[in-house]
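Structure record follows, encoded as structure tokens.
Coordinate-derived values only; no laboratory data. Just so it is clear, the structure is predicted and the values come from calculations on it, not from any experiment. Ideal geometry is used to build each Cβ from the backbone, glycine not excepted, and the neighbour counts take in all protein chains shown.
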Amino acid sequence: MSEPAPPRFPVVDVRISALTFERALALIDGWLARRERHYVNVCTTHTVLECHDAPELAAIVNQAGMATPDGMPLVWLGRLRGHPVERVYGPDLMLAVCERGQARGYRHFFYGGAEGVAETLAERLRARFPQLLVAGTCCPPFRPLTAAEERDVAARINASGADIVWVGLGTPKQDYWVARFRPMLNAPVLIAVGAAFDA
């Protein structure tokens, strides 16, 4: 049975998920256990500003399984509206999901960053979490992908058997990416996590 989505609170054009850190982890665990397909936008105040300028982006974030409060101003606004909100910081979320995923057998794919960044990130995480399962990595070119390249990327990620795809392309590029690729990918969870690739 699906777990109810967390309540949301409005910040300009965006509805941010009213989450504690543990609730965010529990939601991801539930989606993976049920093989439900979702994407997650890790939202900072910069994300909110980008959404104000781009209604299409705001719609993407508002349709996410979670739009996490990454920035403290978003946390404070949520608390002012009476929600028990905690910061869900992208790098911390990645570390926590990787740690608890060891026992659960989650397979992680890392997509983004300059050449070699995703591979380095995967190596660092494997050193920290020896039982981490890395399904694959990919550092795409700094330009829009062609339709053929998009199909190749989707096929590569699907062939890897990934459960979670971590996407680090920067806002708003990564937010558009998870929404565009969601229908193409078998992995239940796509997480636009940005700065976690450089943390």
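Report whether or not residue 58 is crowded, with 16+ Cβ neighbours inside 10 Å, of a type in the set (Gly, Ala, Ser) and part of a loop (DSSP other than H, G, I, E, B).
So residue 58 fails the test.
Look through 168, 101, 194, 113 and report the one residue that is touching a residue at least 12 places away in the same chain (Cβ under 8 Å), farther than 24 Å from residue 31 by Cβ and touching a strand residue (DSSP E or B) at 6+ places or on another chain (Cβ under 8 Å).
Numbers: 168 fails: farther than 24 Å from residue 31 by Cβ; 101 fails: farther than 24 Å from residue 31 by Cβ; 194 fails: farther than 24 Å from residue 31 by Cβ.
Result: 113 is the single residue among 168, 101, 194, 113 that is touching a residue at least 12 places away in the same chain (Cβ under 8 Å), farther than 24 Å from residue 31 by Cβ and touching a strand residue (DSSP E or B) at 6+ places or on another chain (Cβ under 8 Å).
Just so you know, in the stretch 4-31 the residues that are over 16 Å from the mean Cα position of the chain (by Cα) and without any contact (Cβ under 8 Å) to a residue 40 or more places away in the chain include one that is surrounded by the fewest Cβ atoms within 10 Å (Cβ to Cβ), and it is 4. Within the stretch 125-149, residues that are over 16 Å from residue 159 (Cβ atoms) have Cβ atoms under 9 Å from residues that are among the acidic types (Asp, Glu) and in a helix (DSSP H, G or I) in these pairs: 128/99; 129/99; 132/99; 139/119; 140/149; 141/149; 145/152, counting only partners at least 6 apart in sequence or on another chain. Looking only at the stretch 32-44, residues that are surrounded by 14 or more Cβ atoms within 10 Å (Cβ to Cβ), part of a loop (DSSP other than H, G, I, E, B) and not β-branched (Val, Ile, Thr) come to 2 in all. Residue 167 - would you say it is within 24 Å of residue 57 (Cβ to Cβ) and among the β-branched types (Val, Ile, Thr)? For residue 167, the condition - within 24 Å of residue 57 (Cβ to Cβ) and among the β-branched types (Val, Ile, Thr) - is met.
For the stretch 32-44, which residues satisfy the criterion of being more than 12 Å from residue 64 (Cβ to Cβ), of a type outside the set (D, E, K, R) and in contact (Cβ under 8 Å) with a residue 24 or more places away in the chain? 32, 44, listed by residue number.
Exactly one residue out of 27, 49, 19, 32 is over 26 Å from residue 95 (Cα atoms) and of a type outside the set (S, T, N, Q): that is 49. Does residue 109 count as under 25 Å from residue 45 (Cα atoms) and either buried (at least 17 other Cβ atoms within 10 Å of the Cβ) or of a type in the set (Asp, Glu) (or both)? No: the conditions fail for residue 109. Taken as a whole, the structure leaves residue 68 outside the set of residues that are part of a strand (DSSP E or B), more than 23 Å from residue 46 (Cα to Cα) and in contact with a helix residue (DSSP H, G or I) (Cβ under 9 Å, 6 or more places away or on another chain). Just checking, does the stretch 166-182 include any residue being crowded, with 17+ Cβ neighbours inside 10 Å, charged (D, E, K, R) and in a loop (DSSP other than H, G, I, E, B)? No. Within the span defined as the stretch 86-98, every residue fails to be part of a helix (DSSP H, G or I), of a type outside the set (Asp, Glu) and loosely packed, with under 15 Cβ neighbours inside 10 Å. Residues considered: 120, 47. Of these, the only one that is surrounded by fewer than 20 Cβ atoms within 10 Å (Cβ to Cβ), in a helix (DSSP H, G or I) and hydroxyl-bearing (Ser, Thr, Tyr) is 120.
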